[in-house]
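Peer 1: Once you've had a glance at the structure underneath, I'll fire off some questions.
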Amino acid sequence: MILLNALFPVLALILFGAAVRYWRLTDTNFFRTSDRLVYFVFFPVMLFWKIGAAPLQFDGGWHYLLAVALAVLSLCGFSLLFIRLWPVSRFQAGSFNQGCYRFNTYIGMAVVINAYGVAGTQLYGILVGLIIPLINILVVSVLIWFSADSRGNDNRLLTTGRHLVANPLIIACFAGMLYAHLVGGFPVYLDNTLRLMSQVTLPLALFSIGGSLTFVSLRNNMGLAMIAALFKLALLPLLGLFFLWILNVTGLAWKVSMLFFTLPTSTAIYILSSQLHSDTELASAVIIVSTFLSFISMSLILLLTV
């Protein structure tokens, strides 16, 4: 029942989004618009509301953030080693690399809310705000390094830096942390307003994820997509478990961190692969394989932690 309550709503909304697109009740423009609304408006509002709702309390300290960062850095290194030793082309390298450790923020938030409540949501929100810049720096650096088109790299790096500073999720997380520290809690009228806006976020995000899944790319990319998914859903949790143990992370911070390690690959890897001249078909295949396999990895963690 724990697994059913935490994961079934997430899977149901993803499949519903896929079904609606299959039946052609909506189109690509709708999903593109809904993605922008979630990313720039509703999800930042939700993060600010969840993090700022109460003073921050950590039973495991801040070490969980360092453990997650070390695990991500280590996996990035392993994926680069695999690219060097295995016949992965330069065109595929960037997509493969980011598919190994970029995470789906929306699915993570949906599961954390169902499984770990407000306190877990605060920890997850802070983790998202601090780990996104690190992951973006790694991803863009690797994509540029392996890009067949090396022109304009300085401009790309400058643009990436601006995007990191202006990232709405990062801004919302830090604003929520500052508000929680200085004030903590919202007046009833404001709390109700933020709650209504936040209730739109996850259904719309999961619906869009389902609508964006296409299976055309699987036929020619199943091998590398499966390896990237195994890096993401098997090797990363093992690395994370090691670093959490080394840094003596316990309690709710340990649970949230372990769930983070089992999340599927972000659907955003397709967009970045397209922008920086990497293999979009491989990126799409990794998204599909990791999304469905992640329900196994998340189930295992929830059985151990909830």
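The values are calculated or read from the model by the stated rules, or taken from the named source; none is laboratory data. Here the structure is a predicted model, which is why all the values come from computation and not from measurement. In this analysis, Cβ positions are derived from the backbone assuming ideal geometry, glycine residues included, and neighbour counts consider all displayed protein chains. Ligands, DNA and RNA are excluded from the accessible area calculation, which covers all protein heavy atoms including side chains. Shrake-Rupley method; radii C 1.70, N 1.55, O 1.52, S 1.80 Å.
Peer 1: Looking only at region 214-251, count how many residues are open to solvent by 40 Å² or more (accessible area, probe 1.4 Å) and assigned to a helix (DSSP H, G or I).
Peer 2: Number satisfying all stated conditions: 14.
Peer 1: Restricting to region 151-191, name every residue that is open to solvent by 70 Å² or more (accessible area, probe 1.4 Å), at pLDDT 80 or above and not in a loop (DSSP other than H, G, I, E, B).
Peer 2: Step one: list which residues in region 151-191 are open to solvent by 70 Å² or more (accessible area, probe 1.4 Å), which gives 151, 154-155, 157-158, 162-163, 165, 171, 174, 178, 181-183, 188-189.
Then drop every residue that is not at pLDDT 80 or above, which leaves 171, 174, 178, 181-183, 188-189.
Residues satisfying the conditions are 171, 174, 178, 181, 182, 188, 189.
Peer 1: Taking region 1-40 as the region of interest, how many residues are within 30 Å of residue 165 (Cα to Cα), at pLDDT 85 or above and basic (Lys, Arg)?
Peer 2: 1
Peer 1: Something else about it: What single numbered condition from (1) part of a helix (DSSP H, G or I); (2) open to solvent by 70 Å² or more (accessible area, probe 1.4 Å) fails to hold for residue 198?
Peer 2: The number of the failed condition is (2).
Peer 1: Of the conditions (1) closer than 24 Å to residue 204 by Cβ; (2) surrounded by fewer than 17 Cβ atoms within 10 Å (Cβ to Cβ), residue 52 clears all except one; give me its number.
Peer 2: (2)
Peer 1: Taking helices (runs of 4 or more DSSP H) that fall entirely within region 61-150, which contain at least 1 residues that are open to solvent by 30 Å² or more (accessible area, probe 1.4 Å) and touching an Asp or Glu at 6+ places or on another chain (Cβ under 6 Å)? Give the steps one after another, and end with the answer.
Peer 2: Details: elements: 63-85, 90-99, 105-146.
The qualifying helices (runs of 4 or more DSSP H) are 90-99.
Peer 1: Taking the condition of being among the aliphatic types (A, V, I, L, M), assigned to a loop (DSSP other than H, G, I, E, B) and farther than 17 Å from residue 303 by Cα, how many residues in region 1-39 meet it? Please lay out each step first, then the result.
Peer 2: Pass one, region 1-39, residues among the aliphatic types (A, V, I, L, M): 1-4, 6-7, 10-15, 18-20, 25, 37-38.
Add one more test, that the residue is assigned to a loop (DSSP other than H, G, I, E, B), and what stays is 1, 25.
If we keep only those that are farther than 17 Å from residue 303 by Cα as well, we get 25.
Matching residues across region 1-39 total 1.
Peer 1: Quick one: how many residues across region 258-306 are in a loop (DSSP other than H, G, I, E, B) and buried (at least 19 other Cβ atoms within 10 Å of the Cβ)? If you could, list the steps in order and put the result at the bottom.
Peer 2: First, the residues of region 258-306 that are in a loop (DSSP other than H, G, I, E, B): 262-267, 276-279, 306.
Remaining after also requiring buried (at least 19 other Cβ atoms within 10 Å of the Cβ): 262-267, 276, 278-279.
The number of residues fulfilling the criteria is 9.
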